[in-house]
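Read through the structure below, which is laid out as structure tokens, and then see the notes.
The values are calculated or read from the model by the stated rules, or taken from the named source; none is laboratory data. The structure displayed is predicted, hence computed values, not measured ones. Cβ atoms come from the backbone with ideal geometry, glycine included; neighbour counts cover every protein chain shown. The protein model used for the area step is the full one, side chains on, heavy atoms only, and it has no ligands, DNA or RNA in it. Shrake-Rupley method; radii C 1.70, N 1.55, O 1.52, S 1.80 Å.
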Amino acid sequence: MLGAPVLYDATGEPRPVRSAKGRALLAALLLDPDRAVPLDALKDALWGDSPPASARASLQNHVTRLRRLLDDPERLHAVPPGYRLRVREGELDVRVFEHRVARARAAHAERDWTRVVDSVADALALWRGRPLRGLPDPLADHSLVPRLEEARLLALEWRYDAELELGTGLAALAPELAALVAEHPLRETFHRQLMLVLHRTGRQAEALAAHRELRRKLVEELGVEPGAAVRDAHQEVLRGRRESAGGSRGAGPSRGRAEGRRSGDRSGDRPADWLGDRPGDRSGERPADQSAGRLGDRPADRSGDQPADRFGGRSADRSVDRSVDRSGDWPGDRSGDRSGDESVDLVRRSAHRNIGYAHLTLGEPAAALAHFEESLRGHGEYEDWHGEAQARLGLVRALRGLTRVQDATRECAALLDRAERRGDARMTGLAHHQRGLLLRAEGRDEEAYEQWRSALAVLDGTDSDVTDELRTLLTAD
């Protein structure tokens, strides 16, 4: 049944069931092997909701023809309330496939990578295409079909995990994974594996492009960020780029932190810590080729939505990632007196904003919300429009990520009003962009398009990421 239903004899030669009704009968019996299948169920399989008056007699004729194809006619016999087809162990491909997939699952859990590859190859050798292919409804849409297709995809995921661990023949996997990514554009595991295969075969730029495409689809279509496994793979790609450019640097504290992140362990890190010192980033400025690792919510918003190191013109903003002491204390805490020190407060509210963007990058809008609110209070107190605009924009995006559309709409309206009154064209355009996304979430597409057209009119010629996304949104069906 892993493909169009077909019979094979003891030597492995196929015995085609030429009649469409005969194939439907065979499939209906094999869906309940070794059990009596009621006559009504068989009639439904052959004729659906409109059986002819002669359905019973016609069914008996199809049963007789099917018996002639079997090695033993007694395999198929009448058992009240219908017919039963006897199937021995190892004769039905679905059962054998599920057994081999279970073996691959166990090997994957035990990290026996060679056995994973062998077990998956054995399972997929039985696959001839979509199960029950070519049959009429409801057989073609039977619940068994998606279950078997999912089992096949899981087996492929385990196989690629094993191949990545074994590290041999990775270049040959890229075309297979690219095809699977195209076929299953929201399945994160295949994207992660494609990124790692590309990265480990020296194709870092393509690996980063694969990550950007996945993130764009998830954000636009589902409103979510990639999961932890994809984020870890993305970090591996970024580390590989930095290390390849500066691999001669000696190991130091920052390299130790990088090794900790490679293992996926951030148990000892606070957001304000791991936002800072990075390998190859000792000068206080981010390398130009780290664009895919910048903090933000969606790729198209990078130019206007970034934390202070990209946005600011103030020295305190540009060094905020390193302004938090490794003990966790804010600057000035050791003296016990921060009153009247505006520079300390500037660092605090800028750091809160940066931490908020970090949480958004990690797909944690709830954690981001409190930081943006705290940052917004501080910036408003000092009438710092530059910082307030960034914090309010982050707040809108965090609320949108939590599907608190009404709250996000209110904050977006406040941002748009203040940006227009202050003549800040860039922030006005970004606010229109966010407003359009909120309107689309409410199903108000025409109004969303109007907002995006306004955003494009303001931002056109300024930032290709933003304008490219706006054009995509405006031309999407």
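Hey, any hits in the range 255-268 for a residue that's part of a helix (DSSP H, G or I), of a type outside the set (D, E, K, R), surrounded by fewer than 17 Cβ atoms within 10 Å (Cβ to Cβ) and modelled with pLDDT under 50? Within the range 255-268, one or more residues are part of a helix (DSSP H, G or I), of a type outside the set (D, E, K, R), surrounded by fewer than 17 Cβ atoms within 10 Å (Cβ to Cβ) and modelled with pLDDT under 50. Evaluating residue 107 against the criteria (1) under 24 Å from residue 233 (Cα atoms); (2) surrounded by fewer than 19 Cβ atoms within 10 Å (Cβ to Cβ); (3) small (Gly, Ala, Ser) leaves one unmet condition, (2).
For the range 377-405, taking the residues that are open to solvent by less than 10 Å² (accessible area, probe 1.4 Å), at pLDDT 85 or above and not aliphatic (A, V, I, L, M), the one that is nearest to residue 223 (Cα to Cα) is identified as 397. For the structure I just gave you, tell me whether residue 473 is closer than 30 Å to residue 233 by Cβ and either modelled with pLDDT under 85 or not aromatic (Phe, Trp, Tyr) (or both). Yes. Is there a residue in the range 5-18 that is open to solvent by 80 Å² or more (accessible area, probe 1.4 Å) and among the aromatic types (Phe, Trp, Tyr)? Yes: one or more hits. The number of residues in the range 79-93 that are buried (at least 19 other Cβ atoms within 10 Å of the Cβ) and either at positive phi or hydrophobic (A, V, I, L, M, F, W, C) (or both) comes to 1.
Checked against the criterion of being more than 24 Å from residue 2 (Cβ to Cβ) and over 17 Å from the mean Cα position of the chain (by Cα), the candidates 173, 166, 196, 186 yield just one match: 166.
Among the residues of the range 68-78, the ones that are open to solvent by 70 Å² or more (accessible area, probe 1.4 Å), more than 11 Å from residue 22 (Cβ to Cβ) and in a helix (DSSP H, G or I) come to 1 in all.
If I filter the range 128-150 for residues that are basic (Lys, Arg), under 30 Å from residue 206 (Cα atoms) and in a helix (DSSP H, G or I), do I get at least one hit? No, the range 128-150 has no match at all. The set of residues from the range 419-434 being open to solvent by 20 Å² or more (accessible area, probe 1.4 Å) and modelled with pLDDT of 85 or more comprises just one member, 432.
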